[in-house]
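Encoded as structure tokens, the structure appears first; notes follow it.
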Amino acid sequence: MAGLSTPLSGMAMQKWINRFNNFSAADLAGNEDFWAGIRNGYKLKPDYINLENGYYNFLPESLLEGFINHVREVNYQGSYYMRTVQFDNKKNIAARLAAMAGCSVEELIITRNTTESLDMIIGGLHWSAGDEAVMALQDYGAMLEMFKLVAKRHGVVNKIISVPNHPASDEEIVTLYANAITTKTRLLMISHMINITGQILPVRKICDMAHNKGVDVMVDGAHAFAHIQYTIPDLHCDYYGASLHKWLSTPLGAGMLYVKKGKAEKIWPLLAEGDKDANDISRLNHIGTHPVHTDLAIANAIDYYTTMGADKKEARLRFLQKYWTDKVRNIPNVVVNTPVEAARSCGIANVGIKGMKPAVLAETLLKKYKIFTVAIDSAEANVQGCRITPNLYIMPQDLDVLVKALGELAGATS
Ligand SMILES: Cc1ncc(COP(=O)(O)O)c(C=O)c1O
């Protein structure tokens with residue numbers, strides 16, 4: 001079974017997944033036969049072990065074939081496609097995403113990525129000079145830059161907190177955000193899963209606290225969607241953005257934006273979209289002609305994800321992270337910048353070595369051990385290490401190489 005050498009077709013992949021339908025997520029998490037089959041669905045570069053899937057979780061071959069077929073079909077139909085079913089198809093696929101996110105179709109649109117989704121909210125709010133926004137040093141750079149822009153443009157005051165890598169409790173984090181809120185605060189941004197460490201924040205508790213103070217909350221879900229299980233309404237947030245080319249494994253350039261019912265009227269669209277009801281979310285969805293075949297490929301990625309099972313995917317990603325972090329947490333000089341508690345992390349973790357610059361660690365991992373990662377070097381955010389993001393094709397033996405490398409490098413620095 002594990003020896004299959006050519007990537008599995010879409011149909012074969014479905015059959016493979018169906019064969020293991022009777023297994024619970026917990027039982028399947030460490031079933032290497034099953035995951036070897038999933039791995040065979042990918043075409044992997046032999047040059048390195050890719051532990052940097054957090055940027056882009058590239059597609060298994062079956063999804064890639066589906067995408068290429070969509071490109072061919074749209075090209076075949078040309079403007080006919082664009083003038084007939086383009087918008088209906090996009091709406092139907094957005095409805096499938098809404099079902100996956102547990103929200104209403106009137107609350108979700110397909111965008112190109114998290115940056116577009118969240119920067120539209122940040123830039124589109126009706127800011128006045130002196131209004132305040134709250135965010136964290138550990139949030140994603142593009143959004144922090146957008147807040148700087150509205151500070152310059154509208155006189156918004158940005159209050160930036162720092163989230164500890166190893167919080168003692170949810171309350172510690174909620175209090176940090178609560179203390180940054182004043183009567184002038186209009187928006188609070190939080191990461192659902194911090195991109196540089198993988199830490200999961202207690203989103204619902206933060207939202208409830210902020211709402212009690214009359215403040216709306218925007219959540220950056222770039223790394224959470226199709227990674228951990230939740231529904232957006234359950235989080236109690238007002239705005240939520242995610243990139244689908246990350247954990248849902250769509251082709252590059254697919255994202256989504258959730259705007260809670262009744263909140264769309266607060267936002268100026270990025271690009272004008274005719275005369276529509278102020279609360280019609282489609283007001284925020286005008287982007288002109290774009291690669292519509294990418295929209296179509298989202299449906300295939302949802303099929304793949306649901307056929308596998310959200311619970312099975314989350315359990316495996318958690319299993320992989322725990323597999324390697326448990327082996328290195330106690331090695332002297334190794335610093336794991338990700339909380340150990342299951343509720344505070346899943347597939348992503350960050351690891352550094354005392355006395356070694358993250359860039360040097362990343363370079364050594366690649367050159368000496370053939371492991372590809374990304375260096376995160378922010379003394380300000382208190383995160384200095386390499387981010388490790390396995391996707392479903394990564395196997396424990398790949399992570400053994402990482403564990404061995406970290407042990408050797410940590411030993412060499414002592
Ligand atoms: C937390 C977080 N937010 C936003 C983004 C931006 O995603 P995109 O480039 O797909 O817009 C990223 C990308 O890595 C991220 O990690």
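For this structure, a couple of remarks:
- Restricted to the stretch 122-143, and to residues there that are under 18 Å from the mean Cα position of the chain (by Cα) and assigned to a helix (DSSP H, G or I), the residue that is farthest from the ligand (Cβ to nearest atom) is Gly141.
So that you can scan it fast, the table gives a plain yes or no per residue for (1) open to solvent by 70 Å² or more (accessible area, probe 1.4 Å); (2) farther than 28 Å from Ala375 by Cα; (3) under 21 Å from the mean Cα position of the chain (by Cα):
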{"site": "Leu28", "(1), (2), (3)": "no, yes, no"}
{"site": "Gly37", "(1), (2), (3)": "no, yes, no"}
{"site": "Asn40", "(1), (2), (3)": "no, yes, no"}
{"site": "Lys43", "(1), (2), (3)": "yes, no, no"}
{"site": "Pro60", "(1), (2), (3)": "no, no, yes"}
{"site": "Leu64", "(1), (2), (3)": "no, yes, yes"}
{"site": "Ile68", "(1), (2), (3)": "no, yes, no"}
{"site": "Arg72", "(1), (2), (3)": "yes, yes, no"}
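- Residue match in the stretch 164-182 (condition: touching a residue at least 60 places away in the same chain (Cβ under 8 Å) and within 16 Å of the ligand (Cβ to nearest atom)): yes
- Screening the stretch 372-406 for residues that are of a type in the set (S, T, N, Q) and crowded, with 18+ Cβ neighbours inside 10 Å and picking the one that is farthest from Ala226 (Cα to Cα) gives Gln384.
- Of the strands (runs of 3 or more DSSP E) lying entirely inside the stretch 312-394, the ones with 1 or more residues being within 24 Å of Tyr140 (Cβ to Cβ), in contact (Cβ under 8 Å) with a residue 60 or more places away in the chain and of a type in the set (D, E, K, R) are found at 383-388.
- In the stretch 144-158, the residues that are away from the ligand (no atom under 15 Å from the Cβ) and within 15 Å of Asp216 (Cβ to Cβ): Val150, Val156
- Tally of residues being more than 16 Å from the ligand (Cβ to nearest atom), more than 22 Å from Asn89 (Cα to Cα) and touching a strand residue (DSSP E or B) at 6+ places or on another chain (Cβ under 8 Å) across the stretch 239-267: 4
- Subset tally (residues that are hydroxyl-bearing (Ser, Thr, Tyr) and either without any contact (Cβ under 8 Å) to a residue 60 or more places away in the chain or not in a loop (DSSP other than H, G, I, E, B) (or both)) for the stretch 264-293: 1
- Condition met for Asp119 (open to solvent by less than 40 Å² (accessible area, probe 1.4 Å), part of a loop (DSSP other than H, G, I, E, B) and within 11 Å of the ligand (Cβ to nearest atom)): no
The values are calculated or read from the model by the stated rules, or taken from the named source; none is laboratory data. Remember, it's a predicted structure, so these values are computed and weren't measured experimentally. Every residue, glycine among them, receives a Cβ derived from its backbone with ideal geometry; neighbour counts consider all protein chains shown. These area figures cover heavy atoms from the full protein model, side chains too; ligands, DNA and RNA do not enter into them. Shrake-Rupley method; radii C 1.70, N 1.55, O 1.52, S 1.80 Å.
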